[in-house]
Amino acid sequence: MSSKAPDTPTVTTLMVTSPLSKPLLPKPIWAKLGQRLNVAGMLSFLAVILRDQEMALPHLRAQDLRWVNWAELKRQGFEGVVLDKDNTLTAPYSFSLWPGLGSSLDQCKSVFKGKVALFSNSSGLLEYDSDGSEAKALEKLLGVHVIRHGTKKPAGTAEEIEKYFNCEASQLVMVGDRYFTDVVFGNRNGFLTILTQPLSLAEEPLVVKQVRKLEAALVSSWYQKGLQPRKHSRLSDESCCVQDPAS
Ligand SMILES: [Mg+2]
């Protein structure tokens, strides 16, 4: 577990200033809102509510990355990990790894050597990162490949991801903080899905905070009615996959 993949940068050096010659300037509020208001996502939201509620239920839930037992997931046959960025690895719109997550990310990279990538609705998404500058910055800072793609989660397929990992999505783990984007996308495409709690709500626009609350309330009501996530064929024992890092 302690060994690291050759040539894989660690995150211990990650105190972010942009490595680019062109600095990564803060985005204006309209761009942030556009990044967060996801029309296809809204349609998907309705579809999930009306007929596909279990798609929003993650297979596993963790406080944050530190709670995920990467070695156990590997032992159960998973081949790689796909991470969301905003509020999973960094604060929204930030290019600094959230404090305390470095060792878990290093551990993840060590366990899944060369098989860890970011799939974000900001960095690497052609609509908002058309020249790939944000993706390149993150790759340099985190030592993790950022998948370029053209469709926001939860819409679209896992084609770009499967191509990068050279395996089926059912062999991969999707980790993210949103029920109706990361989890729905992951479940629809066959990933094992892990929901983490958002790292910081301070930077999120009010409307996004309200949508987040609505999502949580809906999912909570479905759990109370007894709805369960669909079983994942590769997950043989979920009891050890998420653990308190202090235990
Ligand atoms: Mg997120």
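FYI, it's all coordinate maths here, none of it is from the lab. Just so we're clear, the structure is a prediction, and the values are computed from it rather than from any experiment. Neighbour counts are summed over all protein chains in view; Cβ atoms, including those assigned to glycine, are modelled from backbone coordinates with ideal geometry.
Annotations for the structure displayed:
- Residue list for the stretch 89-108, filter: under 15 Å from the mean Cα position of the chain (by Cα) and under 17 Å from Asn69 (Cβ atoms): Leu101, Ser104, Leu105, Cys108
- On inspection, Val173 fails the criterion of being within 16 Å of the ligand (Cβ to nearest atom) and either assigned to a helix (DSSP H, G or I) or surrounded by fewer than 23 Cβ atoms within 10 Å (Cβ to Cβ) (or both).
- Candidate set from the stretch 176-195 (those that are within 11 Å of the ligand (Cβ to nearest atom) and in a strand (DSSP E or B)); member that is surrounded by the most Cβ atoms within 10 Å (Cβ to Cβ): Gly176
- Subset of the stretch 173-199 [over 20 Å from Asn38 (Cα atoms) and either free of Cβ contacts under 8 Å to residues at least 12 places away in the same chain or among the small types (Gly, Ala, Ser) (or both)]: Gly190
- Residue list for the stretch 82-122, restricted to those being in a loop (DSSP other than H, G, I, E, B), free of Cβ contacts under 8 Å to residues at least 40 places away in the same chain and within 11 Å of the ligand (Cβ to nearest atom): Ser120
- Exclusive hit being part of a loop (DSSP other than H, G, I, E, B) and within 19 Å of Pro92 (Cβ to Cβ), set Pro229, Pro198: Pro198
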